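The values are calculated or read from the model by the stated rules, or taken from the named source; none is laboratory data. Quantities reported herein were computed from a predicted structural model and do not represent experimental measurements. When we count neighbours, we look across all protein chains shown, and the Cβ atoms used for this are built from the backbone with ideal geometry, even at glycine.
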Amino acid sequence: MRNRVFFAVLAIIFAIPFLLLAPSASAATMEAPFYYCETTLENASACDAQIQGQSSPWKASENLHSAPKFDAGSNYVWYAFRLSPKEPEKKAIFFSTTGQSVEVLMDGISIYSYGKNEDVLGNNGSRWHLVPLPITDHNEHWLMVKLYSPVHSMLGRFNYFYLDSEMAQGQRIFFFDGLNIAALSFAIGMLVIMYLFWMEEHISRKIYFASVSFLALFILCIVSFLNMKYLFSGNAGFWWYIQCLMMCLLTMSGDFVIYSVLQGKKKKKVIAFILACYLALLSFSMLGEILGFHSMGKLFPLVFLSFPVLQPVVLALEAFEGYHENYYALGTLFPSSALVVTVTFDGMNAYFHFFDMHVYLMPIGIFFFFIFVLCILKEQVRREKDMQVQAENLQKEIDDTNVRATTDKLTGCLNRTSFYELINGACTDAVNKQLPYSLVMFDIDHFKRFNDTYGHDDGDRVLRSFASCIREMLKPGQPLIRFGGEEFIVILPGMNLREASNFAEELRWHIASTKLHEKEHVTSSVGVACWHLFGDTAQDIFRRVDASLYKAKEHGRNLVMTEDAL
């Protein structure tokens, strides 16, 4: 069942690109072919000639989404389209440009302009344009779009171009942002989770910091891709630079996450070298931009080209560590693989135009970041289990130490240290509950004879057998203590002197009637004392039971004497 769910989720994720490739609302008819005229800004008047078929300087082309090959010296392009009156309700154009100033004319009249015809790439940036067309009749019209760019590779390129109704064009703005918004929401959720890990955990903080940095940069990168941002901020040049920077910084931060999860020094050095390559690429691009070489525009293709070269090395290191049970490395393998595939595809498609796409697929990679979070959770659960096992083992050692400290090793009875704690606790309970308690003290008769005649081993066996014989008659809550040598004490909560005396007699008889030694008859002398309510102390009751025991020895042994016989 879990396998089916897993493959269903993967199917949905990989279906997203094909949904994005699906055609949207149909565009209006524009009579083919369209015409273009290339020139320079200084010689722009050369394109003022009337369009008559394919007369110079105008040329015809059939494919609007693939820019023609312009002369190396050109920096100014005019496009001309014949608008058909067959669908008059479609009166708005929606298109996107990068690094180009734009002017739109209809029937020779300027109706829209954007950017400056200056030799500064950042002034124009990358953005969409929604231009309503002032069509009020059913006649044929000519639409002209003038494009200027200081970067020859960007000249005359449309990311997309649609002619449709204003409502349909507005819907496209939000439709193209669908994947970005989904990825943005998911990334924010992951950022919150990783930030909580970073704040709460004291282990692997470098991994959490690297992950938080990556997600923060990813969010900023997605925001720079959003079409809707231009509804609130029209500074396309600023967002263009942000896009260029984020593509490089995002790659570096992703590799830094991987650097933080790898364990071998040599592997870390390889990642450090790759990071240094990206840093050098970014530094040279920024320096070139400052010097006026428009090198930030070249940063995009350079980053895209570096991905299939450098990132497979990173993936191999992740896979190797994951194979050797580095769960963090295994967790990063899936999102980094997805990002490598999607970014490489975006880069190749941006320059070779395999598909007519309107968004980058790179945001899809962030959905695999959840696998990394699951690996972190799994590692935390494993670590918590290990800590729990360690705590249990430590507690067991403490308990064993306490048992050794409070238990007589020979007989298994509690020792004298435990007796003082128990007697004080019994006095406290007696006061609180207003119930009596009694002490019964045993002494094995003539025990020295066993040691002297049969040896200390036999004496030890008698002590163990004697303790076991008493223990057989006791109930839970009636502790047996070896007070010292051959002396034993039983605490009897809730029993008055008469009840304790009767029970002591049963114990004495049971001992005397049980064969505890093969050659000798084992008996015991017994003393009994009871708590005297308020004013009585543990020392007082012990003194009385001890005196009762010696009274039993004086009266012939193998008998029970109570404190009232003193």
**Complete:** Of the conditions (1) at pLDDT below 90; (2) surrounded by 20 or more Cβ atoms within 10 Å (Cβ to Cβ); (3) among the small types (Gly, Ala, Ser), the single one that ALA350 does not satisfy is (2)
**Complete:** The condition of being closer than 22 Å to PHE542 by Cα, of a type in the set (Phe, Trp, Tyr), surrounded by fewer than 20 Cβ atoms within 10 Å (Cβ to Cβ) and in the same structural domain as CYS530 (by TED's automatic domain parsing) holds, among PHE488, PHE483, only for PHE483
**Prompt:** Out of all the residues in region 147-185, which are outside any helix (DSSP H, G or I) and of a type in the set (Phe, Trp, Tyr)?
**Reply:** TYR148, PHE158, TYR160, PHE161, TYR162
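So which residues in region 291-316 are within 15 Å of CYS277 (Cβ to Cβ) and out of contact with any Cys (no Cβ under 8 Å at 6 or more places or on another chain), if there are any at all?
Matches in region 291-316: LEU302, PHE304, LEU305, PHE307, PRO308, VAL309, GLN311, PRO312, VAL313, VAL314.
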**Message:** Can you tell me how many residues within region 515-539 are exposed (fewer than 14 other Cβ atoms within 10 Å of the Cβ) and either of a type outside the set (S, T, N, Q) or part of a loop (DSSP other than H, G, I, E, B) (or both)?
**Reply:** 8
**One residue from ILE271, ILE258, ILE366 being part of a helix (DSSP H, G or I), closer than 24 Å to ARG383 by Cα and out of contact with any Cys (no Cβ under 8 Å at 6 or more places or on another chain)** = ILE258
**Message:** Quick test of your reading of the structure: LYS396 fulfils all but one of (1) loosely packed, with under 12 Cβ neighbours inside 10 Å; (2) on the phi < 0 side of the Ramachandran plot; (3) in the same structural domain as ARG544 (by TED's automatic domain parsing). Name the failing condition by number.
**Reply:** (3)
**Matching residues, region 279-303, being assigned to a helix (DSSP H, G or I), buried (at least 20 other Cβ atoms within 10 Å of the Cβ) and out of contact with any Ser or Thr (no Cβ under 7 Å at 6 or more places or on another chain)** = LEU282, GLY297, PHE300
**Prompt:** Inside region 312-336, can you point out the residues that are of a type in the set (Ser, Thr, Tyr) and touching a residue at least 12 places away in the same chain (Cβ under 8 Å)?
**Reply:** TYR327, TYR328, THR332, SER336
**Matching residues, region 81-106, being at pLDDT below 90 and not polar (S, T, N, Q)** = PHE81, ARG82, LEU83, PRO85, LYS86, GLU87, PRO88, GLU89, LYS90, LYS91, GLY99
